[in-house]
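The values are calculated or read from the model by the stated rules, or taken from the named source; none is laboratory data. Small disclaimer: the values here were computed from a predicted structure and weren't measured. All Cβ positions, glycine included, derive from the backbone under ideal geometry; neighbour counts span all protein chains shown.
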Amino acid sequence: MSASTKRSIGTLSDTDKPVCNICGGKVFELGPNNRKSATGKLPRCTACQSLERHRQLRQVYAQFPPSYLAGLEVLQLSPDIGVDPQWFKSYEVSTFGGENSLNLEAIDRADVSYDLVICNHVLEHVANDRQGLRELLRITRPDGFVQITVPTPYTRTVTVDWGYPKPESHGHYRGYGRDFLHLFRAVHPQAIALQVETIDVVTAAGGYVYLWTRDPRLAERMTTWISNPIEAAR
Ligand SMILES: [Zn+2]
């Protein structure tokens, strides 16, 4: 993929007052468990409750042409304030253990049912994440894509899998590392996985958003729409 299509991503100068890119809020507070961001800033928007990962996600979606998003039939596994349902042609949400609950390892939906399947901060709660990824791709149309995030994959080089939901690690089965990008290739060798680096406009904390598609033309278009994508090595 061409490197010439890269554009600069949002930066923060010390004199700028941070503004939430989801709601326009300008007041921020400590996050869950009274934490600050990795950059030492206040992460939670007092108006919309967004955190770094929600605003990072919003920045990535903001780079898609609205006309493209408007044609998509979407399933989102676990609600997420970073995504606005009104962008899409149709939108279904599943809350695990709650409304419209779906099991990621055996999704109760037909093959190729959606143009976009969104799965943020869910895979770490699933015993068999490869099976979860297979299921996400199964219900996605060949010319559509899957969008995924997992907690802090940039903090480790290699994923650590505990094999059980570790209580002291938020009940996660594993801590993902930078090798997460290559898991997509292991699950489906022909599909293309893009890792998009994104920086929160409020805290300047970095994060990754993953885009996964079986359509090489869509992957190519995404690299022209979105800044800083890295493709998994073949
Ligand atoms: Zn906000």
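Scan the range 114-161 for residues that are among the acidic types (D, E) and either within 21 Å of D80 (Cα to Cα) or modelled with pLDDT under 95 (or both) and jot them down. Steps first, answer last, please.
In the first step, residues of the range 114-161 are kept if they are among the acidic types (D, E); the result is 115, 124, 129, 135, 143, 161.
Hits for the range 114-161 are D115, E124, D129, E135, D161.
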Any chance you could count how many residues in the range 128-181 are of a type in the set (F, W, Y) and in contact (Cβ under 8 Å) with a residue 60 or more places away in the chain?
1
Does P66 satisfy the criteria of being farther than 22 Å from L133 by Cα and free of Cβ contacts under 8 Å to residues at least 40 places away in the same chain?
yes
Considering only the range 162-199, how many residues are loosely packed, with under 14 Cβ neighbours inside 10 Å, modelled with pLDDT of 90 or more and farther than 26 Å from Y61 by Cβ?
2
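Here's a check for you: in the range 81-113, which residue that is aliphatic (A, V, I, L, M) and under 14 Å from the mean Cα position of the chain (by Cα) is modelled with the lowest pLDDT?
Of all residues in the range 81-113, those aliphatic (A, V, I, L, M) come to 81, 83, 93, 102, 104, 106-107, 110, 112.
Add one more test, that the residue is under 14 Å from the mean Cα position of the chain (by Cα), and what stays is 81, 83.
Details: I81: 94, V83: 97.
The residue in question is I81.
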Is there a residue being of a type outside the set (G, A, S), within 22 Å of V74 (Cα to Cα) and touching a His at 6+ places or on another chain (Cβ under 8 Å) anywhere in the range 124-131?
yes
